Amino acid sequence: MPAGAPWQKARRDVSRPSDRWEMTRLAVEGVGYFRADDREVRRDGWTYTIDTLDEFADDEVVLIMGADAAAGLTTWHRANEVMARAGVAVMPRQGGNRAAVEATGASIVWLDLPELAISGTDLRARTRAGLSIRFLVPEPVLAYVVDHDLYVVES
């Protein structure tokens, strides 16, 4: 579920919500245990996780994120409510601070995955530098990035 208007990135150049949605949809297409959800990109105004969690009523929700994002959970809007309402599944990241993630007080489950030294920031930087992101993203996402000239620096 991509954020519509991520308030913590207000001063940063981010992809259009429609592009983030389409890449998310393409990334999980055909993966039976994931479902893309566009509710945040359809919402007006800043996107807050707590508002989304409220829409799930009594459903059990687990947020999946990298260790870098998880370490910053306490800075989120209404962070204590978010952490009380949802579990957090964390992907280890090279250079990630496990102690900082554990210190958030969230209900953390560490995913048993290899640590990948790749992030969205890295992918955008590679694309801007004219380097390939093939094999780093699903083929349909790569095709979308190329077809829509995403992250290309205009001359």
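The values are calculated or read from the model by the stated rules, or taken from the named source; none is laboratory data. Owing to the predicted nature of the structure, the values given are computational and were not obtained by experimental measurement. When we count neighbours, we look across all protein chains shown, and the Cβ atoms used for this are built from the backbone with ideal geometry, even at glycine.
Of all residues in the stretch 107-131, those that are of a type in the set (S, T, N, Q) and not in a loop (DSSP other than H, G, I, E, B) total 2.
Among the residues of the stretch 89-97, is any closer than 30 Å to ASP54 by Cα and among the charged types (D, E, K, R)? There is at least one residue in the stretch 89-97 that is closer than 30 Å to ASP54 by Cα and among the charged types (D, E, K, R). The set of residues in the stretch 1-59 that are surrounded by fewer than 18 Cβ atoms within 10 Å (Cβ to Cβ), at pLDDT below 90, within 24 Å of VAL145 (Cβ to Cβ) and touching a Ser or Thr at 6+ places or on another chain (Cβ under 9 Å) comprises ALA5, PRO6, GLN8.
Could you tell me whether the stretch 66-73 includes any residue that is farther than 23 Å from ASP13 by Cα and of a type in the set (A, V, I, L, M, F, W, C)? Checked the stretch 66-73: no residue is farther than 23 Å from ASP13 by Cα and of a type in the set (A, V, I, L, M, F, W, C). How do the helices (runs of 4 or more DSSP H) wholly within the stretch 1-106 filter down when requiring 1 or more residues that are closer than 28 Å to ALA125 by Cβ and without any contact (Cβ under 8 Å) to a residue 40 or more places away in the chain: which remain? It comes to 17-28, 39-42, 49-55, 67-71, 98-102.
In the condition set (1) assigned to a loop (DSSP other than H, G, I, E, B); (2) over 18 Å from the mean Cα position of the chain (by Cα); (3) surrounded by 14 or more Cβ atoms within 10 Å (Cβ to Cβ), TYR151 is compliant with all but (2).
Residues of the stretch 102-135 that are more than 25 Å from MET23 (Cβ to Cβ) and either within 16 Å of the chain's Cα centre (by Cα) or of a type in the set (Phe, Trp, Tyr) (or both): TRP110 alone.
Quick check on my filter: what residues within the stretch 118-135 are surrounded by fewer than 15 Cβ atoms within 10 Å (Cβ to Cβ) and more than 17 Å from ILE64 (Cα to Cα)? Answer for the stretch 118-135, where residues must be surrounded by fewer than 15 Cβ atoms within 10 Å (Cβ to Cβ) and more than 17 Å from ILE64 (Cα to Cα): THR121, ASP122, ALA125, ARG128, ALA129, GLY130, LEU131, SER132, ARG134, PHE135. Of all residue pairs spaced 6 or more apart or on separate chains, those with beta-carbon atoms under 6 Å, a first member in the stretch 117-143 that is farther than 16 Å from GLY30 by Cα and among the polar types (S, T, N, Q) and a second member that is at pLDDT below 90 and in a loop (DSSP other than H, G, I, E, B) are THR127/TYR151. Go through the stretch 60-84 and report how many residues are surrounded by fewer than 17 Cβ atoms within 10 Å (Cβ to Cβ) and touching a Phe, Trp or Tyr at 6+ places or on another chain (Cβ under 9 Å). Going through the stretch 60-84 one residue at a time, the tally reaches 2.
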